[in-house]
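Below is one structure, written out as C-alpha cells; the observations come after it.
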Amino acid sequence: MISFIDTFRKLTDVFTKNPDSLIGKFILLITEKTNEVRLTFEKIESWRDIQQAKGTTLDLIGKGWGQERGNVSDEVLRLLIMARIARNNSNGTFNNMIEVLARTLNTNPSTIKMRALYEVAEGKKAAALRIEGLPIKALNDAGLSTQQFAFLVQRVAPAGVKVESISLQGTFRMSRIKNQVETSAQGFAPVDQSRGGTLSAIYEPSEENDLPI
C-alpha cells in the first residue's frame, strides 16, 4: 500500500508541506486511487485460486473444467470443481477414488473406507461398492448433504460400478456411568445446541441426481 504520509514527506522544500494545501490534496487523491487499483489487481490475482474465487468468477473457472453451477452455493461449487479436476486424473482404483474424495472433502484419506461388495458374504455383488465409517462432520464442514455426496461418489466411481450404501459415523455416545449424569461433548446437546454428539446414519443412494456434475 502507498502511504500518503510517506509520499508527502518526500516532497522537496519548494512545496508547501501542508496536508490541506493543493499539492497535499492532490497527493491524497493520487494515493487513494492508486491503492484502490492495487487492491483490485490483488483481488483479481487471488481469485485465480478456486478456494478464493466467488460468484461469476467461480462460474467461469467451473466452465473451464466443464462444471456448471446449477443451483448450488459457491462453497459447494468449489468442491465440485476440485472433484472434477481430480476425477479427470482418476484411474478408477479404490485408492485413487479415496484420494479424490478426501481432497474434495478436505479430510484425511484414512477416514474414508471403501469396500467392494463381492467381498461381503451377505450380499455379494460384482460391480458395487460400499463406503463405511465416514465421519459425518466431514460432510458438514464441506457443506455437502448426504445426497450430494452420494452422487459425487457415484460420479467418481468407474462406469458401471454402483454405490450401494454410505455409512456415516457420528460422535454421539451414551453415558458410561449407570444412573449418573455425565457431561460430555459427545452426549446429548443442550437447548441452544452449542455442543453435543452427532448421530450416525446409513444412506442408500436413489436414482435422483441433483448436482450438475
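Would you check if residue 157 is under 22 Å from residue 92 (Cα atoms), modelled with pLDDT of 75 or more, in contact with a helix residue (DSSP H, G or I) (Cβ under 8 Å, 6 or more places away or on another chain) and small (Gly, Ala, Ser)?
Yes; evaluated as a whole, the condition is true for this residue.
What is the number of the single condition among (1) modelled with pLDDT of 85 or more; (2) over 28 Å from residue 150 (Cβ atoms); (3) in contact with a Lys or Arg (Cβ under 9 Å, 6 or more places away or on another chain) that residue 47 does not meet?
(1)
Quick one: is residue 91 closer than 21 Å to residue 204 by Cβ and exposed (fewer than 14 other Cβ atoms within 10 Å of the Cβ)?
No.
Which is among the basic types (Lys, Arg), in contact with a helix residue (DSSP H, G or I) (Cβ under 8 Å, 6 or more places away or on another chain) and surrounded by fewer than 16 Cβ atoms within 10 Å (Cβ to Cβ), of 63, 54?
54
Quick check on residue 151: is it under 22 Å from residue 87 (Cβ atoms), of a type in the set (Phe, Trp, Tyr) and modelled with pLDDT under 80?
Judged against the criteria, residue 151 is a match.
Can you tell me how many residues in region 9-42 are among the acidic types (Asp, Glu) and in a helix (DSSP H, G or I)?
3
Table: residues versus (1) in contact with an Asp or Glu (Cβ under 6 Å, 6 or more places away or on another chain); (2) outside any strand (DSSP E or B); (3) polar (S, T, N, Q); (4) not assigned by TED's automatic domain parsing to the domain that holds residue 198.
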residue: 81; (1), (2), (3), (4): no, yes, no, yes
residue: 103; (1), (2), (3), (4): no, yes, no, no
residue: 114; (1), (2), (3), (4): no, no, no, no
residue: 126; (1), (2), (3), (4): no, yes, no, no
residue: 132; (1), (2), (3), (4): no, no, no, no
residue: 155; (1), (2), (3), (4): no, yes, no, no
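Under 9 Å between Cβ atoms, at least 6 apart or on separate chains: pull out the pairs that start in region 73-84 with a residue that is without any contact (Cβ under 8 Å) to a residue 60 or more places away in the chain and end on any residue that is in a helix (DSSP H, G or I) and of a type in the set (D, E, K, R).
Hits for this filter: 77/59; 82/103.
Looking only at region 85-101, which residues are at pLDDT below 85 and not in a helix (DSSP H, G or I)?
Correct list: 89, 90, 91, 92.
Is it the case, given these coordinates, that residue 171 is more than 27 Å from residue 54 (Cβ to Cβ) and either at pLDDT below 85 or among the charged types (D, E, K, R) (or both)?
yes
Just checking, which of 137, 162, 113 is within 17 Å of the chain's Cα centre (by Cα), modelled with pLDDT of 75 or more and charged (D, E, K, R)?
Answer to the check: 137.
Scan region 22-43 and give yes if some residue there is farther than 30 Å from residue 88 by Cα, modelled with pLDDT under 90, among the aromatic types (Phe, Trp, Tyr) and in contact with a Gly (Cβ under 7 Å, 6 or more places away or on another chain), otherwise no.
no
The values are calculated or read from the model by the stated rules, or taken from the named source; none is laboratory data. Note that the structure is predicted; figures quoted are calculated from it, not measured. With ideal geometry, Cβ positions are generated from the backbone for all residues, glycine too; neighbour counts draw on all protein chains shown.
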